Amino acid sequence: MFKKNNRITVAEFKHLGMSVRAFHTPFFSVRIHKIDGEGKKFAVVVSKKIEPTAVGRNRIKRRLYSLLQTHIDNFPTGVAVVLFVKKEAVKATFQSIKDSFDAMYGGR
């Protein structure tokens, strides 16, 4: 899990506005927003339509947060990154999600 200063709060999420860039993979969509300050903020959104159980939603969030944590240095400062999970991520293995994430942000 990220430190508190690296997570987007509910109040900040409501005021993000239009995204600057958007990226898409088979498992998730990424929206990048500019924010004031020098920090980097992250959020993962999993809808109840995507995964009805809380256990499943939290599993997907943990997986994506761990991938974001490994690539945190690849993101510039002053951005908020929001990942919106797609239905395909529910049945996907962690390795396939990791491969898709590495293809987008450079593998380690």
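Helix 54-70 sits at what angle to the longest principal axis of the chain, using alpha carbons and giving 0 to 90 degrees rounded to 10? The answer is roughly 50 degrees. Only one residue of A80, H24, G56 has its Cα farthest out toward the positive end of the dipole of the chain, where Lys and Arg carry +1 and Asp and Glu -1 on Cβ, and that residue is G56.
Restricting attention to region 4-105, the count of lysine pairs at 8 or more positions apart or across chains with alpha carbons under 18 Å apart stands at 23.
For region 1-93, the set of GluC sites (Glu not before Pro) satisfying both a DSSP loop assignment and a count of at most 15 other C-beta atoms within 10 Å is given as E38.
GNM on the chain, alpha-carbon springs under 10 angstrom: the most fluctuating residue among R57, R31, R21 is R21.
The dipole here belongs to the chain: it is taken about the Cα centre, uses +1 on the Cβ of Lys and Arg and -1 on the Cβ of Asp and Glu, and is about 420 debye.
To the nearest ten degrees, helix 94-105 and the longest principal axis of the Cα atoms of the chain are 30 degrees apart.
Bear in mind that the values in this text are calculations on the coordinates, not laboratory data. In this text the structure is predicted, and so the values were computed from the model without any measurement. FYI the Cβ positions are ideal-geometry reconstructions off the backbone, even for glycines, and counts take in every protein chain you see.
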